[in-house]
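Some notes on the structure that comes next.
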Amino acid sequence: MCKLQRATVSGFSRDGDILVGGVFAIHDAREYEPLNFSQEPAVTTCQTFVFETFQWLQAMVFTIEEINRNPDLLPNITLGFQIHDSCMVMQRLLEGSLWMLTGQDEPIPNYKHWKSHPLAGIIGDAISTSSVVMARILGLYRYPQISYSASSPLLSDRNQFPSFFRTIPSDDFQSRGLVELVIHFGWTWVGLLADDDEYGQQGIHILQEELFKAGICVAFSENILTTRADKNAFHIVQVIKRATANAIVIFSNGINLVVVLNEMLRQRVAGKTFIATEGWSTMAFLSDEKYSEILTGSIGFDIYSEEMPHFKEYLSNLYPSSSLDNMFLREFWEEAFSCKFQQDPGTPSAQDNNTKICSGGEKLDTLLINHREVSSFALPYKIYNAVYAIALSLHDMSSCQSTGGPFIQGACADNVGFQPWQLLHYIKNVRLQGGGKGAFFDENGNPPALYDIVSWQKNHQGTLRQVKVGRYDSSALPGETLLINGSAIRWNEGERGGTRVPISMCSPRCLPGSRKVAKKGEPTCCFLCVPCPQGEISTQTDSIECYKCPWDQWPNKNQNCCIPKIIEFLHYDEPTGATLQATSIFFSMIPVAILGLFIYYRKTPIVKANNCNLSYLLLMSLTLCFLCSLAFIGSPTPVKCLLRQAAFGITFAFCVSCILAKTIMVVIAFNATKPNSDLKRWVGPHLSYTLIGICTLIQVILCTSWLTLFPPFPQYNMLSKPGLLIHECNEGSATAFWCMLGYLGFLALKSFTVAFLARKLPNSFNEAKYITFSMLAFLSVWLSFIPAYLSTTGKYMVAMEIFAILSSSSSLVSCIFFPNCYIILFRSDMNTKEYLMGRMIGQKSKRM
């Protein structure tokens, strides 16, 4: 039968018809007494007065007083309160909760002393870990508990905590919002730091899941060990110092974080950007000037708040003399103004030392405390809503009409002697309209998720202030949940901060035109950037894949967009096309000129000796050979593609057939002069015309079959040259094309053979040696054409064929007709019958 030592349970209370409980950590128990296990542990003493929590306490008192003044809300019922200081100590929290439940200083479980002043519910606590402990006890008796700051997702479990509610959103929503915030600023490589309690561990667990879904990697994850005096700060700061991640998300209540921040100051670690949760994003004591180098540029979520009418005036008008029952107000006054009240026992007089005496009339308006500039009433606003939730539920319960109630047989609850579970029914369905604007609880006791986004910025005094720069609303439309004014943010850059967003990524971002390739054995955010393959693009930053352009497009130089391919064909107006066109027309005039010369000198011996009729046909066919090359220049059309190769093949077949006939007629004419020769009957034009017709007809049949069975057609070739769209003629059948060309080669080879055998005939009749040279040149051109044609593509392939046509035609003209033209024009003495007969007699004499 023994008990541990404990402090006397006391608090700030005020009588009323119905009481509302409140739990606040007015003090912070920071001293840790060593345990030697040889004597009883020392009683935990409250050390530091927390100004901010005192403001929360006053928010609860202010709200209850406002409700009591409202004649339309709870008429004839006065609310009282009991407020307990937990001192951030779990033991005191439990004792205070039982003190309010049992109604006596010596807590007795399952015993209730209150008879005329029932307890409606309890407001608190601020910390999730403490709220869990309270909720387990209060849930047994179904006493409503409404927290204004506990955001752990664990508390949404209705099986464990059936009577817990809160006016602050669950960390489920905050974690998703933090991920959206990280994505908004392009941070893909972040560090995580959390308290090792329910608030920190639950929040960081959900955050890691959401980060993983968003493709964001975690560089490190460390815990602040709240059970240790040093909080494991040295190890944490060493990890932060070595980490390449510049953005660090911190789930903490702020008090435990102070030790880590002090260690960062000691090790001179700066340049990191902290993303704050609502647990510490606007803590007043972190606004101290000494933390400005570390915390400037931090950004985070804060509890959404609205204006509380007259609350500022209420705080300004607080005086110890006007609120004698407020045991915390005198202590606040002494701490705020650094003075002591004279009447306190043991306080030395001002004459004995430098202690300043409190007058009680000091002005709070002149007090310089590092309060928050934007969200200074964020948590007080949540307390305001929590008190109104209980008051409105009591009002709804008192408005119940007999036989129309929500309980068995339409029963209503007693306005004063109600049971906790009866009020719990009304709180579940309450809507805050008069006091808390539009807030309500869902089936898990959570309100709508709405946060302010604040930026930590240095002011002119060197301290930090939190500036509202945006809002997060989970109920908004997709894409509109996060709204941020980027120009209002100041990052940790320079003396006054800059607007350039810090970079926090494992690898530089892959620009459009490249793609990400993962590094083996490293997180997905650590990657290499490789250029897209040829013919592919990526249009987005950090693209995983590259995509091919449409068939008629090609990547630009940076491979970040597709541009139309350049359509290539042999234009009339480009230098190569214009030159070939002019050459074809000019060269086509040469056979015409020679034809005119031959017609003019048709009665001369040399023209007669060269079989003038065949010469005329040959010259006309050569003109067509030159002109057929024009069909290869310009944009391919169905008609051009269909006829150009056939026209080339037939005209050249006709031309070479004329040469073959001419050669054969030279041989027959010479041998017909021999006595008793049977060749005399073959001398005449019929044989040559028949031979030309048959040889040309064979080519016509080949080309007709080709055009009928495998007609050529225009097409776009996108494979031969990257980035070019070659507009060309598909020949339909390569076999047919080479058969046509092979037949020309066969005719040329036959002509060359016959001419070579007849090269020693008398000169007066002999054109054979000129034909030999012409066929040799003709065959050389086309044999050279084959490898050149096969090794080129596009317009250069077309130009190569045109060049072969012009070269071969020119060789025929020059070798066969230029010698005769020279005699006609410049050696008229050789263009006589006597000269030719003399030459022939001389040749015969030599042969004899």
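The values are calculated or read from the model by the stated rules, or taken from the named source; none is laboratory data. Just so it is clear, the model here is predicted, and its values are computed rather than measured. As a convention, Cβ positions derive from the backbone with ideal geometry for all residues, glycine included, and neighbour counts pool all protein chains shown. Accessible surface is based on the protein model in full, side chains and every heavy atom, while ligands, DNA and RNA are left aside. Shrake-Rupley method; radii C 1.70, N 1.55, O 1.52, S 1.80 Å.
Please determine whether any residue of the range 210-225 is open to solvent by less than 20 Å² (accessible area, probe 1.4 Å) and assigned to a helix (DSSP H, G or I). The answer is yes; a qualifying residue exists. Of the helices (runs of 4 or more DSSP H) lying entirely inside the range 540-645, those containing at least 2 residues that are in contact with a Ser or Thr (Cβ under 7 Å, 6 or more places away or on another chain) and of a type in the set (Phe, Trp, Tyr) are 575-600.
Taken over the range 327-368, the criterion of being of a type in the set (S, T, N, Q), within 26 Å of Gly11 (Cα to Cα) and modelled with pLDDT under 70 is satisfied by Gln343, Thr347. Residues that are touching a Lys or Arg at 6+ places or on another chain (Cβ under 9 Å), acidic (Asp, Glu), at pLDDT 90 or above and under 30 Å from Pro636 (Cα atoms): does the range 539-546 have at least one? No: zero hits.
Given the criteria surrounded by 21 or more Cβ atoms within 10 Å (Cβ to Cβ), of a type outside the set (A, V, I, L, M) and more than 21 Å from Val218 (Cβ to Cβ), does Asn262 qualify? Answer is no for this residue. Inclusion of Thr277 among residues that are in contact with a strand residue (DSSP E or B) (Cβ under 7 Å, 6 or more places away or on another chain) and either under 24 Å from Ser130 (Cα atoms) or of a type in the set (Phe, Trp, Tyr) (or both) is warranted. Kindly establish whether Ala386 is at pLDDT 80 or above and open to solvent by less than 10 Å² (accessible area, probe 1.4 Å). It is true that Ala386 is at pLDDT 80 or above and open to solvent by less than 10 Å² (accessible area, probe 1.4 Å). Of all the numbered requirements in (1) of a type in the set (Lys, Arg); (2) in contact (Cβ under 8 Å) with a residue 60 or more places away in the chain; (3) not in a helix (DSSP H, G or I), Arg228 misses one, and that requirement is (2). Picking from residues in the range 782-814 that are outside any helix (DSSP H, G or I) and on the phi < 0 side of the Ramachandran plot, the one that is surrounded by the fewest Cβ atoms within 10 Å (Cβ to Cβ) is Ser791. Residues of the range 54-93 that are among the polar types (S, T, N, Q) and crowded, with 20+ Cβ neighbours inside 10 Å: Gln55, Gln58, Thr63, Gln82, Ser86. So for the range 419-426 (the condition being touching an Asp or Glu at 6+ places or on another chain (Cβ under 7 Å) and open to solvent by less than 70 Å² (accessible area, probe 1.4 Å)), does at least one residue qualify? Among the residues of the range 419-426, at least one is touching an Asp or Glu at 6+ places or on another chain (Cβ under 7 Å) and open to solvent by less than 70 Å² (accessible area, probe 1.4 Å), which makes the answer yes.
The set of residues in the range 297-316 being open to solvent by 10 Å² or more (accessible area, probe 1.4 Å) and farther than 22 Å from His27 by Cβ consists of Tyr304, Ser305, Glu306, Glu307, Pro309, His310, Lys312, Glu313, Tyr314, Ser316. Taking Ile18 as the residue in question, decide whether it is open to solvent by less than 50 Å² (accessible area, probe 1.4 Å), at pLDDT 85 or above, over 48 Å from the mean Cα position of the chain (by Cα) and among the aliphatic types (A, V, I, L, M). Yes. Only one entry in Leu719, Leu761 is more than 25 Å from Ser615 (Cβ to Cβ), modelled with pLDDT under 90 and either hydrophobic (A, V, I, L, M, F, W, C) or surrounded by 19 or more Cβ atoms within 10 Å (Cβ to Cβ) (or both), namely Leu719. Has the range 551-566 got at least one residue that is surrounded by fewer than 19 Cβ atoms within 10 Å (Cβ to Cβ) and touching a helix residue (DSSP H, G or I) at 6+ places or on another chain (Cβ under 6 Å)? Checked against the condition, which is being surrounded by fewer than 19 Cβ atoms within 10 Å (Cβ to Cβ) and touching a helix residue (DSSP H, G or I) at 6+ places or on another chain (Cβ under 6 Å), the range 551-566 yields no hits at all.
From the list Ser131, Ser163, Ser156, the one residue that fits, being in contact with a strand residue (DSSP E or B) (Cβ under 7 Å, 6 or more places away or on another chain), modelled with pLDDT of 90 or more and within 23 Å of Trp280 (Cα to Cα), is Ser131.
Applying the criterion of at least 3 residues that are within 30 Å of Phe165 (Cα to Cα) and aliphatic (A, V, I, L, M) to the strands (runs of 3 or more DSSP E) found wholly in the range 444-513 leaves 450-458, 482-484. Based on what the data block shows, is Thr277 among the polar types (S, T, N, Q), modelled with pLDDT of 90 or more, surrounded by 15 or more Cβ atoms within 10 Å (Cβ to Cβ) and under 16 Å from Gly177 (Cα atoms)? Spelling it out, Thr277 is indeed among the polar types (S, T, N, Q), modelled with pLDDT of 90 or more, surrounded by 15 or more Cβ atoms within 10 Å (Cβ to Cβ) and under 16 Å from Gly177 (Cα atoms). For the range 488-514, a residue qualifies if it is open to solvent by 80 Å² or more (accessible area, probe 1.4 Å) and either under 30 Å from Lys557 (Cβ atoms) or of a type outside the set (D, E, K, R) (or both), and the qualifying residues are Thr499, Arg500, Ile503, Pro508, Arg509, Leu511. Quick one: in the range 21-50, of everything that is modelled with pLDDT under 75 and hydrophobic (A, V, I, L, M, F, W, C), which residue is nearest to Asn326 (Cα to Cα)? Top of the filtered list is Ala29. Selection of the range 712-731 for residues being in contact with a helix residue (DSSP H, G or I) (Cβ under 6 Å, 6 or more places away or on another chain) and part of a loop (DSSP other than H, G, I, E, B) yields Pro712, Glu731.
For the range 516-550, taking the residues that are open to solvent by less than 80 Å² (accessible area, probe 1.4 Å) and among the charged types (D, E, K, R), the one that is nearest to Met718 (Cα to Cα) is identified as Glu536.
When restricted to residues that are in contact (Cβ under 8 Å) with a residue 24 or more places away in the chain and either in contact with a Gly (Cβ under 9 Å, 6 or more places away or on another chain) or of a type in the set (D, E, K, R) (or both), the range 467-494 contains 15. Selection over the range 113-152 of residues that are touching a helix residue (DSSP H, G or I) at 6+ places or on another chain (Cβ under 7 Å), open to solvent by 20 Å² or more (accessible area, probe 1.4 Å) and assigned to a helix (DSSP H, G or I) gives a count of 4. For the range 135-185, the set of residues classified as of a type in the set (S, T, N, Q) and either touching a residue at least 60 places away in the same chain (Cβ under 8 Å) or within 29 Å of Pro502 (Cβ to Cβ) (or both) consists of Ser147, Ser149, Ser151, Ser156, Ser163, Thr167, Ser170, Gln174, Ser175, listed by residue number. Among the numbered conditions (1) within 25 Å of Glu52 (Cα to Cα); (2) touching a residue at least 60 places away in the same chain (Cβ under 8 Å); (3) buried (at least 17 other Cβ atoms within 10 Å of the Cβ); (4) of a type outside the set (Gly, Ala, Ser), the only one that Asn246 does not meet is (1).
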